[in-house]
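The values are calculated or read from the model by the stated rules, or taken from the named source; none is laboratory data. As the structure is a prediction and not an experimental result, all values here were calculated from the model. Every residue, glycine among them, receives a Cβ derived from its backbone with ideal geometry; neighbour counts consider all protein chains shown. In case anyone asks, the SASA skips ligands and DNA or RNA and just uses the protein heavy atoms, side chains included. Shrake-Rupley method; radii C 1.70, N 1.55, O 1.52, S 1.80 Å.
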Amino acid sequence: MKSSLLTRSVSRNASPLILMNASPLSHLRRLFACLCICLLSIGSASAASPIKLYITHGSATASADRLDRIDVDGTNVTSLAADFANFIQPDGIQIDFANSFIFMVDGATGKRILRFDLNGGNRTVIHTVTHTGLPRGLALDRDNQHIYFTTGASAGADDRVTRINYDGTGETTIASGAVSANDLVGQPVGIAIDKERGYLYVGDVFNVVASNLGVVRFNLDGSGRTQIIAANDPTFGAATVIFNNMTVDESTGQLYVCAGSTTTSNDRVMRVNSDGTGLTTLYSDAANFTQPVGIAIDKANGWLYVGDGLSGVAPTTPVWRFNLDGTGGRTQLSTGYSFNGPVNGLAIYSAAQWME
């Protein structure tokens with residue numbers, strides 16, 4: 001099963017500096033989220049902002065592909081959408097709290113970017129990929145209503161990071177590959193945005209130059225390519241590492257990355273600073289997961305959620321909860337998902353999280 005790795009590819013107190021540099025729209029979305037939290041608390045002293053996990057599951061059988069929603073304690077498992085009528089191999093997923101939207105990659109033969117309401121209804125095809133690249137990862141710039149997604153292909157020119165508007169217009173290639181020593185990206189998978197600092201992070205998987213492999217950072221317009229994590233870092237030994245997914249803590253600028261490997265002992269979840277310093281392995285090897293493929297952080301509770309790609313624990317690909325600081329063990333959220341196929345993506349829905 002490990003060989004498949006190579007073929008498929010809270011609230012916080014913002015600093016005065018960040019607040020001064022934030023856009024007016026950024027201020028408005030924080031105010032809106034605060035209002036939502038206040039409204040949710042009316043009528044019950046114990047009420048709190050809703051925190052949900054959204055999970056995409058892929059399968060060898062299209063009819064078994066799923067979008068599930070669960071509470072962060074593992075209860076209230078709900079299947080929101082399923083089978084080829086909605087998607088084929090759903091992958092990267094993100095939530096826009098303000099507009100109550102789910103955005104999702106429809107992979108395999110679908111090759112589309114989809115939008116759903118938070119209850120799984122009102123499915124809308126936003127964009128269809130017309131080149132040979134297969135879409136994988138997805139990130140949102142909520143302030144400017146931009147969607148960034150990665151595509152990987154056998155043809156280097158179709159290895160891309162693409163930006164579109166929420167309505168699918170404005171398609172722009174941010175970075176792309178070509179079979180040369182100057183490839184910007186090669187078979188990119190994971191992607192994340194740090195809007196506060198204007199950074200875009202991409203898992204650059206199969207660049208032709210070995211020293212370019214790893215996690216790279218761009219400015220949001222695709223300029224300023226900088227390597228943040230090298231795949232040949234001594235941390236990984238000689239194993240091939242695939243940077244499956246990532247997410248940013250915008251309050252600190254730290255990037256959380258889940259990586260799978262041909263060697264199970266090198267499967268890991270890491271944290272790194274925005275300048276590439278402070279690379280820290282938080283959890284690793286089969287004692288915690290096998291080929292982690294989805295990741296989300298919950299600052300309000302200090303938790304880290306990881307989708308387990310190939311674990312033998314029931315369900316076959318569970319979602320684990322860890323402490324965000326790397327201490328302690330794992331907690332399995334639920335065994336009651338509507339389908340136990342591979343986890344492809346995780347996203348968190350939280351008013352407090354959205355304010356960041």
### Query
Would segment 112-134 turn up any residue that is modelled with pLDDT under 95, closer than 29 Å to Pro50 by Cα and of a type in the set (Asp, Glu)?
no
### Task
Please give the number of the condition Arg30 fails out of (1) under 26 Å from Gly198 (Cα atoms); (2) at pLDDT 85 or above; (3) not hydrophobic (A, V, I, L, M, F, W, C).
(2)
### Message
So, in segment 244-269, exactly how many residues are under 15 Å from Val216 (Cα atoms) and within 14 Å of the chain's Cα centre (by Cα)?
### Response
10
### Message
Take the residues in segment 273-296 that are crowded, with 21+ Cβ neighbours inside 10 Å and not hydroxyl-bearing (Ser, Thr, Tyr); name whichever of them is nearest to Ala239 (Cα to Cα).
### Response
Gln291
### Query
Which residues, taken from segment 92-110, are open to solvent by 10 Å² or more (accessible area, probe 1.4 Å) and closer than 18 Å to Asn244 by Cα?
Gln94, Ala108
### Message
On the basis of being touching a helix residue (DSSP H, G or I) at 6+ places or on another chain (Cβ under 7 Å) and either closer than 23 Å to His146 by Cβ or open to solvent by less than 40 Å² (accessible area, probe 1.4 Å) (or both), does Asp249 make the cut?
### Response
no
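For segment 224-241, what are the residues that are closer than 20 Å to Gly156 by Cβ and either surrounded by 22 or more Cβ atoms within 10 Å (Cβ to Cβ) or of a type in the set (Ser, Thr, Tyr) (or both)?
Step one: list which residues in segment 224-241 are closer than 20 Å to Gly156 by Cβ, which gives 225, 227, 231, 240.
Ala231, Thr240 - these are the residues of segment 224-241 that are closer than 20 Å to Gly156 by Cβ and either surrounded by 22 or more Cβ atoms within 10 Å (Cβ to Cβ) or of a type in the set (Ser, Thr, Tyr) (or both).
For residues that are basic (Lys, Arg) and open to solvent by 30 Å² or more (accessible area, probe 1.4 Å), tally how many sit in segment 252-272.
So the count comes out to 1.
Every residue, every condition in (1) open to solvent by 10 Å² or more (accessible area, probe 1.4 Å); (2) small (Gly, Ala, Ser); (3) in contact with a helix residue (DSSP H, G or I) (Cβ under 8 Å, 6 or more places away or on another chain), yes or no:
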position	(1), (2), (3)
Thr128	yes, no, no
Leu134	yes, no, no
Ala139	no, yes, no
His146	yes, no, no
Phe149	no, no, no
Val161	no, no, no
Gln187	yes, no, no
Arg197	yes, no, no
### Task
Test each condition in (1) in contact with a Pro (Cβ under 9 Å, 6 or more places away or on another chain); (2) modelled with pLDDT of 95 or more for Ala175 and report the one that comes out false.
(2)
## Note on the structure
Sole miss for Ile174 among (1) open to solvent by 10 Å² or more (accessible area, probe 1.4 Å); (2) out of contact with any Leu (no Cβ under 8 Å at 6 or more places or on another chain); (3) not in a loop (DSSP other than H, G, I, E, B) is condition (2)
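Among the residues of segment 214-223, which ones are of a type outside the set (Phe, Trp, Tyr) and either open to solvent by less than 40 Å² (accessible area, probe 1.4 Å) or at pLDDT below 80 (or both)? Lay out the reasoning, then the answer.
Going through segment 214-223, the residues of a type outside the set (Phe, Trp, Tyr) turn out to be 214-217, 219-223.
Gly214, Val215, Val216, Arg217, Leu220, Gly222, listed by residue number.
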